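Scroll down for the structure; my scribbles are underneath it.
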Amino acid sequence: MSAAGAHLQEGRGLRGSAPEGVASGAYARTPDRSVSSPRALPPEGSPHAPVKGGVLSAIYSLLIRRVSYVQYEHLLRAVPEGARVLDVGIGNGIMLDRHAELLRQRGIHLDGIDLHEGYLEACRRRVQQHGLTDLVTCRCTGVEALLESDVPLPPYVYFSASFMLLPNPERVLQLLYERLPENGTLLFTQTLYRRQNRFIEWVKPRLKYLTTIDFGRAQYRDSFVARLERHGFRLVEEKRLERVSGNQRVYYHAFRRVPRAG
């Protein structure tokens, strides 16, 4: 992506107090993968062969470094100071190289999960290097497994270009609606298309064979918003973080859980 043409569209912010009814440390103490209890977080292996963080993490960083910087800076400024955020698909933590001080200044807690242990090894090293062990955690599990456990959710759940990778997004949205605290908020940064592009639909899932990184499926802005609304989430903020092409934008979205009547 090029920095040229980047622009912002003002929207309503999320700053203010965190949703009520959620203890500030509600997600701080989570069961480890090794814990065995009737409803503990179930162990879940990576779909990839176990690898060290080196080569794949370097490729990952090369391809997504700049866009991660843009996306995470917006996230860290959008949520209230001291907020706790479940980061679905934290990857190798490359954004910490740029935003460690911003995260520390605002006291944001990131509870990161990912399915790739190799990326998480690199993320844990960055957390140590930047002195963020009190603010950032990394856990190897999938979001569906976590949502089906008894682990309390924080009031904010963030998908950084990871929602399009989910094999069963409808199930995940159903679980999120059931598990999020009152006024819980879903946050997304991702590339969306305004109009259908059959070439992108064909090529995007195949990029992983060239780059080793799964870029997921092509997603369209209108159908994405409609999907969230069908599952009981109301759009409260939308910003265009960057223009990639005439039809392609990097978006930030915030959706708030709407209690069902009755």
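The values are calculated or read from the model by the stated rules, or taken from the named source; none is laboratory data. Every value quoted in this text rests on a predicted model; they were computed, and no experiment measured them. Glycine gets a Cβ as well: all are built from the backbone with ideal geometry, and neighbour counts include every protein chain shown.
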So Arg84 ticks every box in (1) surrounded by fewer than 23 Cβ atoms within 10 Å (Cβ to Cβ); (2) charged (D, E, K, R); (3) touching a Phe, Trp or Tyr at 6+ places or on another chain (Cβ under 9 Å) but one. Which box is left unticked?
(1)
Is at least one residue of segment 132-140 surrounded by fewer than 20 Cβ atoms within 10 Å (Cβ to Cβ), β-branched (Val, Ile, Thr) and free of Cβ contacts under 8 Å to residues at least 60 places away in the same chain?
yes
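Residue-by-condition table, conditions (1) among the β-branched types (Val, Ile, Thr); (2) under 22 Å from Phe233 (Cα atoms); (3) at pLDDT 95 or above; (4) in contact with a Cys (Cβ under 7 Å, 6 or more places away or on another chain):
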site: Ile59; (1), (2), (3), (4): yes, no, no, no
site: Val70; (1), (2), (3), (4): yes, no, no, no
site: Val79; (1), (2), (3), (4): yes, yes, yes, no
site: Arg84; (1), (2), (3), (4): no, yes, yes, no
site: Ile94; (1), (2), (3), (4): yes, no, no, no
site: Arg104; (1), (2), (3), (4): no, no, yes, no
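Give segment 140-174 a look and list any residue that's assigned to a helix (DSSP H, G or I), of a type outside the set (D, E, K, R) and more than 16 Å from the chain's Cα centre (by Cα), or say none. Let's see the steps before the verdict.
Keep residues of segment 140-174 that are assigned to a helix (DSSP H, G or I), which gives 143-147, 163-165, 169-174.
Next cut, of a type outside the set (D, E, K, R) only: 143, 145-147, 163-165, 169, 172-174.
Of everything in segment 140-174, just one residue is assigned to a helix (DSSP H, G or I), of a type outside the set (D, E, K, R) and more than 16 Å from the chain's Cα centre (by Cα), namely Gln174.
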Give Asp150, Asp97, Asp114 a once-over and let me know the one that is surrounded by 19 or more Cβ atoms within 10 Å (Cβ to Cβ) and among the acidic types (Asp, Glu).
Asp114
